1. Once you have the Cα-Cα distance between Arg23 and Ala336, take 0.36 nm times their residue separation minus that, and quote the gain in nm to one decimal.
2. List the equivalent ellipsoid semi-axes of the range 158-275 in whole Å, largest first, each obtained as the square root of 5λ for an eigenvalue λ of the Cα gyration tensor.
3. Average projected area of the Cα convex hull of the range 375-417, in nm²?
4. Return P(r) of the range 127-218 (all Cα-Cα pairs; 5 Å bins starting at 0; whole %; ordered from short to long distances).
5. Could you pull out every whole DSSP H run in the chain that spans at least 18 Å of Cα extent along its own axis and averages 0.0 or higher on the Kyte-Doolittle scale?
6. Sorted from largest to smallest, which semi-axis lengths in Å does the alpha carbon gyration tensor of the chain give for its equivalent ellipsoid, taking the root of 5 times each eigenvalue?
7. What order do you get for 534-545, 203-214 when each peptide is scored by the mean count of other beta carbon atoms within 10 Å, highest first?
8. Taking Cα pairs under 8 Å and at least six residues apart, what relative contact order does the range 132-268 come out at, in percent?
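The numbers here are math on the coordinates, done by the rules we state, and not lab data. Bear in mind that the values here come from a model prediction, so they are computed numbers and not experimental data. So basically every Cβ, Gly included, is an ideal-geometry build from the backbone, and we count neighbours across all protein chains shown.
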Amino acid sequence: MVVVGAGAGGLAAAWRLTAAGMRVVVLEGGREYRPERDYPQDQDDFQLRAFPFDPVEDERGKPRFAFGPAQAIGPAWDDYRSRNAAQGRFVDGDRRQYQVYSHVRGVGGSTLHFQGEAHRFHPDSLRMHTLFGAGADWPLAWEELDRYYAIAERRIGVAAPDNPLRPGGGPHLLPPHPLSYASRQLAHGFTSVGATLRANALAILPRPFDRRPACNYCNSCTQGCPIGDKGSADVTFLPAARATGRLDLRTGAQAVEVGVGRDGRCTGVVYREPGGARVRVAARWVVLAAGAVETPRLLLCSRSRAHPDGLGNGRGQVGRNLTESLTWTSVALLPARVDSFRGVPIDGSAWEFAVPHRGDGWVGGFRLATAHGAAELRGPSAYAQRLVPGFGAAHARRVRETFGHAVAVLAVGEWLPNPDTAVDLDRWRGDAAGMPLARIRSALGENERRLLRTMADTTREVLRAAGAGEVVEQTSALDLFAAAHVLGTCRVGSDPEASVADAEGFCHGVANLAFADGSALPSSGCGDSPFLTITAMAIRTADRLIERARRG
């Protein structure tokens, strides 16, 4: 069988399949990263370096993604636009800007760059349509997802506290990481808004586990973990799958077409090698795990007599129902130095508002978190470039005076599907393989705009109550598309008219095609990182595939 994509879902599925005795070919368009070569934390200038993403352009200098129309912002939202003290507004004009799709092409996928958050969705997040008439219900019970959460947590090594607002867990969880000193100084600010700051659930090791070391608290998870304590898919699922001897991992292998026979079933996958040669891998089963942008692109490009509008797209659902994580971050300075560069990127979270409910003109929910590392407040350059205006000797003195004082509060909220947020093909632009580019269209619905206002106001109140000064930086999804958590474009569902896959993750009408990535998730959760849910769902679908394959 063939798995397309070596990220969280693809490698989790490959691990489960190979453990069951199956031979699996995994096709990955990117490279295999080497921590000692690719991650910069041992360099003096590491704070100035970003994660070494594959180029956003292909070998012909053409972009890897296209973007759709930019949404108008409106003057009433001026106070909720991205800005900082040194640079002013990030976006000129009145249109939302497509900044970046933070997708990592490579073995491990976006888990190489993620911040280690490993959350369980709230049970009510699986019943949004039943409860509120919004979004979509999941075609499975939370209790079944709970069982697969536990399997994933045991394999990865998740550190988490008891959290009454996120049911589940158990003795297999590792002890939580302590809140940093900087985050503890904000605890009473959270209390002032009716929230309790708790240690976050993290796929980051507080002690050695499974031959991996404990975290050294360098606070630079987003630059890649050089020692292997962060639970990225390349250090959790890949070694175990390789140890079976049944994994064939091929890098630099960009899938360009899923082959289909006369009966409409998949026959294998065609991929393009770096030199341009095309190779076909025959397979009885195909699992797509290239992410919520590349998976629908591959389906839409795989046209045939049986599937003239794209594989699995007979009802026009492929690429629709794209959801993102709605985000807001506020940064302010505390009077005393708190050394917020220490710890892990998002060490604390508050979940009181992260239970699906009705708010001020919106439905959904949002999580609050301390996110100093996530805001990249790791060194004096961040202060000099972003938080402290001016230049010259006075500027340098002010940077020295304020360094270590900045703290960040993050809010992450529910994003409901809307017709203006989707993935389709750009028919006018293609890549080096001749495939049309995936075109990302993103627009906040009225629900998201109202929720974002609540999120922003709440983070500001937390900082004010904690004694922080004026907000010196705010970053908003209102005017910036900078998404990493994109979901839903091939969502599972009971109704083939409103979903791409069935309750077990197999494509409606294509019985030997399954999904094991974020494209299968019907909703985004109330501020939850989708990593653990993607992984759990991928393992579940792999189990169903094993059952089907053994039945013949």
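1. 106.9 nm
2. Result for the range 158-275: semi-axes of 40, 19, 16 Å.
3. The Cα convex hull of the range 375-417, projected and averaged over all directions, gives 4.1 nm².
4. 3, 11, 16, 17, 15, 16, 12, 7, 2, 0
5. 531-551
6. 37, 25, 24
7. Result, highest mean Cβ count within 10 Å first: 534-545, 203-214.
8. 18
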